[in-house]
Structures are given as structure tokens and as C-alpha cells.
Amino acid sequence: MAKVKTTFYCQSCGAQYAKWQGQCNSCKAWNTIAEEVIQTPEKSDWKTPSATQNKRTSRPLLINEIDASQEARLDTFDQELNRVLGGGIVPGSLTLLGGEPGIGKSTLLLQVALKLPYKTLYVSGEESQKQIKMRAERINPNNSNCYILTETKTQNIFKQIEDLQPDIVIVDSIQTLHSDYIESSSGSISQIKECTTELIKFAKETSTPVVLIGHITKDGHIAGPKILEHMVDTVLQFEGDRNHVFRILRANKNRFGSTNELGIYEMQGSGLREVSNPSEILISKKDEELSGNAIAATLEGMRPLMIEVQALVSTAVYGTPQRSATGFNAKRLNMLLAVLEKRAGFRLGAKDVFLNITGGISVDDPAIDLAVVASILSSNEDEALQKDYCFAAEVGLSGEIRPVQRVEQRILEAEKLGFSTIFVSKYNKITLKPKAIKIQLISKIEDLVGHIV
């Protein structure tokens, strides 16, 4: 018998070593290096009729000869998913969806599979056909285009694909698949790389899009080697707290569109509902005006959002003031507090400051600086801001109010949602003349203090 070849992989980052060692030199993790068997039998390349027909012989072309016309995308009939993907699924692409256990990854893709008018193959290595059928009954019981296959061996999956000839393939999940060409267990580094390579080859040769579900580690990273994320075309992250009903879909990598887009869903008993107006969930409904609340006009990709910023300022009980921020950069909060103390004269050095972005989302748009400052001042003075005020500007270290990009889009969104006044930088070039909202131009942080305190 031929000698079995083995190598050592780090189970955390995928680095390869010739022999075992305690610590990985690449990611510095301890006790993550394990021995795995590398390819032993001779590969017999699979062929499907469509693969043979669509396979192209590559040859060099002048850049001027290349057809630049955009390939038609497959509509997922899910507006939030279409937005995050950049308009739909690109034929021949490989998409990876990751997220916490129980967050709704399988529900989202099963829901999409049941909506599609194309022939869809849903491959599950985690659930039986009866379990999937029970979930499908809640989502969309009437569908004649979705086929369910419970299988983990890639060679058997490709046999079924050859017989069925689906338009799209969904795999739940990549960590459960295994190939006969690798003699290691499912979920190992070598198995994930081999199975993904086979799926990429299938997708590119047949122009059939493949969507994979990926498990994540306790740190929130997709399990397996980092090369997995490099191999695929699109990496989507499904976020949210299982104790809340709202879920956020982001693109961490997208070869065919923007990575700044955001999709929001609401988890219901019948599946995930698309939230077309996110401001309805990001602004709390309350009967009375409360201090420490301010509304910011932000952007996620091309989508304007109105979010609520909440601040609580109180006297430090234990002598050392606390600075805590949820959904906002804590270092930027400290910077804004220093600006308030230096430029506006507010003594916040001996006070606790807590900041929260409602709705469970994280925002890194500098345009919410002014809303953060307004909420802190409101809580410090214990005076509520007007409910129909909103803010869109960046605050500089010298206390100046700096302009932000696409301010007119933010103003139109605020006007549409019924706000009466929006505070922006006087240095923004605004040609828009809205009828229902007043544009308040300010240049220094002291100007803001005069309007709200």
C-alpha cells in the first residue's frame, strides 16, 4: 500500500506545518494544530452534461475585445437580500452566509428557496427531510420548484445534481460536507478546502450559483481556514440577538457589488419579514419626551436610516467615571466628551456617561457625532430635545461642525418621516429647498448649545 501522507493544520487560521507544535506562529493560538490526512486516492473528475457543454477553453484576449456587458442576475424575490447582494445572485457565483447558531440562516435560505420560480436544490447535512418540511409548512407550503436532499458526501450530491440539473444550489452547511478524496473528518481544514474547491469548480463550469451556510467560531469568525472566505465570491454575515426579533444582514465581501449595504429582517412565527422602512424599528415609540434622546440621520450603503441615540449622564458614584458605548466607538465617545469639556465648557470629567444606539445595530458613520453630542447635553441638563429635531454632521476636535457626504439624501429622508428641523454643517453645499423641513445651519458646537439647551 502507498504510504498515507499527513500534514498539520491550525484549526483556527488554517496555517500548515510539517510537524506538530504547541502554538500557531500565524494566529498565536495554543493547542489548535492537528494532524490531518491529505489527498490519497486518485481523483476522478466529475462531469455533468451541462459542464461539458458550458466549459470554455480559456485564451488570452485584448482588454478592448472583452465583452463588458453585465450578466443578468437571478432575482431572489427578497428585496433586502437583493440589495445586499447588489441586485440579485450572479450566475456561477459562490456565496457564503455565516452567523450565530439559531440566528435564522437556514430559515432565510429556505424561505428564499421556497420563493424562487427556478428549479432549486436545497442540500442539508444537518436536518432530515421531514424536519425541513415542517419548517417549510410554516413559511410557504405551496412550492413545486424546491427539491430537498439530505446528503453530506459531495460525490453523491453531484450525482443528484447531474440528474436534476437545478438552476441554483443551496448547501446547509459547508462544515457538514465531506469528500472521498480526503481521509479526515467533516469540518476539518482539509475537508472544507476540498469540498469548497469542488463546489467552485461546479459553479464556474456550469454557471450555476451556489449558496453555502457556514458555522462561526466563538469569536464570531467563520469556522475553518481564512482561505474559505478568499475562495468564495460573496461573504454575508447574519447578525442580531436571538433574544430580539430583528436580524441584520451585511456583506463583508462582495465581488459583484457594494459591501456597505444593509438588509433588515424581523423574525416572526412564519419566517423572516423584510423591513422596508428600518426607521420604524430604530426609533422608539414613546408618549412623553425624555431627556438624553436624539435622532441621527445616517447612511448604510445607499440607504438612509433615522436612528435613535440614547445617552445617560450621571454623577460618578465610585470616584472613577465610567464611559460605556453600545453600538458606537468608545474611543470616539471619549473624544467627543473632551471636545464638549474643552470647547463648550461642560464639566463631564467627574460624571458617568453611557451611550446606546437603539435597535441593536452598530454605526461607524461620523455623521452621528452631532446627535451623540446633543443626547449627552440633553441628559446632562435633564432637558428633553424636541421630538421632531434630527442631526447629521461630524464634530471636529476644535469644536467645528464638519460637513458630511450625501446630506441632501439625509434631509429628504428626514422630511419624509415628518421631522421639522434638521441640524447640519453650514459648510455643506445644499441646493435642495424642501418645503416641510427647516435646515438649521451651524458651524460650531456652541451654536448647537444655544439651540437645544
- Taking the C-alpha atoms of the stretch 351-417, convex hull volume expressed per residue in Å³: 124
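Note the full-extension length gain between Lys286 and Gln16 as 0.36 nm times their separation in residues minus their Cα-Cα distance, in nm to one decimal.
On the way: separation 270, 0.36 × 270 = 97.20 nm, distance 5.62 nm.
Going from the current span to full extension adds 91.6 nm.
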- Task: At a Cα cut-off below 17 Å, give the lysines reachable from Lys435, other chains included and same-chain residues fewer than 8 away excluded.
- Result: Lys416
- Task: Calculate how many DSSP beta bridges within the stretch 332-453 are antiparallel, expressed in % of all such bridges and rounded to the nearest 5.
- Result: 25
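Given C-alpha coordinates of the chain, what is the ratio Rg to Rh with the Kirkwood estimate of Rh? Don't skip to the end; give the middle numbers.
Values: Rg = 26.3 Å, Rh = 25.1 Å.
My calculation puts Rg/Rh at 1.05.
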- Message: One quarter of the convex hull surface, Cα atoms only: what value does that give for the stretch 150-272 in nm²?
- Response: 9.0
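With all protein chains present and a 1.4 Å probe, how do Cys10, Cys27 order by accessible area, largest first?
If we order Cys10, Cys27 from most to least accessible, we get Cys27, Cys10.
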- Given the Cα-Cα distance of Ser128 and Asn334 and 0.36 nm per residue of separation, how much length would full extension add, in nm? 69.0 nm
- Message: Can you compute the charge dipole magnitude of the chain about its Cα centre, using +1 on each Lys and Arg Cβ and -1 on each Asp and Glu Cβ, nothing else charged? Give it in debye, rounded to the nearest 20.
- Response: 640
- Message: Using a Debye calculation, one point per C-alpha and no hydration shell, please list log10 I(q)/I(0) for the stretch 311-403 at q = 0.12, 0.19, 0.20, 0.21 Å⁻¹ in order.
- Response: -0.35, -0.91, -1.02, -1.13
- Could you work out how far the C-alpha centroid of the stretch 148-187 sits from that of the stretch 204-274, in angstrom? 20
- Note on the structure: Per residue, accessible area of the chain with a 1.4 Å probe, heavy atoms of protein chains only, in Å², comes to 49
- Could you tell me what percent of the DSSP beta bridges with both partners in the stretch 62-195 are antiparallel, to the nearest 5? 10
- Whole number please: convex hull volume per residue, Cα atoms of the stretch 263-316, in Å³. 138
- Task: Using a 1.4 angstrom probe on heavy atoms only, work out the carbon and sulfur share of the accessible area of the chain in %.
- Result: 49
- Antiparallel content of DSSP bridges confined to the chain, in %, to 5: 50
- With charges set only on the Cβ (+1 for Lys and Arg, -1 for Asp and Glu), what does the dipole of the stretch 228-289 come to about its Cα centre, in debye to the nearest 20? 280
- Enumerate the aspartates and glutamates that Lys285 could reach by cross-link, defined here as Cα to Cα under 19 Å, with residues fewer than 8 away along the same chain left out. Glu266, Glu308, Glu383, Asp388, Glu413, Glu415
- Dimensionless Rg ratio for the stretch 227-354, taking C-alpha atoms and the 2.2 N^0.38 Å reference: 1.36
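With the convex hull built on the Cα atoms of the stretch 103-142, state its orientation-averaged projected area in nm².
For the stretch 103-142, the mean projected area of the Cα convex hull comes to 2.9 nm².
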- Item | P(r) histogram, all alpha-carbon pairs of the stretch 144-196 included - 5 Å bins from 0, percent | 4, 20, 30, 22, 14, 8, 2, 1
- Reach of Lys351 by Cα under 20 Å, taken over lysines that are not fewer than 8 positions away in the same chain: Lys331, Lys342
- Applying the gyration tensor rule to the Cα atoms of the stretch 371-453 (axes a ≥ b ≥ c; rounded if a/c under 1.5, else prolate if a/b exceeds b/c, else oblate), the class is oblate
- Query: Given only helices, namely DSSP H runs of n ≥ 4 each adding -39500 (n - 2.57), what is the per-residue ellipticity at 222 nm of the chain, to the nearest 500 deg cm²/dmol?
  - Reply: -7500 deg cm²/dmol
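The values are calculated or read from the model by the stated rules, or taken from the named source; none is laboratory data. Since the structure is predicted, the reported quantities are computational estimates derived from the model, not experimental observations. Positions of Cβ are generated from backbone atoms using ideal geometry, with glycine treated the same way; all protein chains shown enter the neighbour counts. Please note that ligands, DNA and RNA were not included when accessible areas were found on the heavy atoms of the full protein model with its side chains. Shrake-Rupley method; radii C 1.70, N 1.55, O 1.52, S 1.80 Å.
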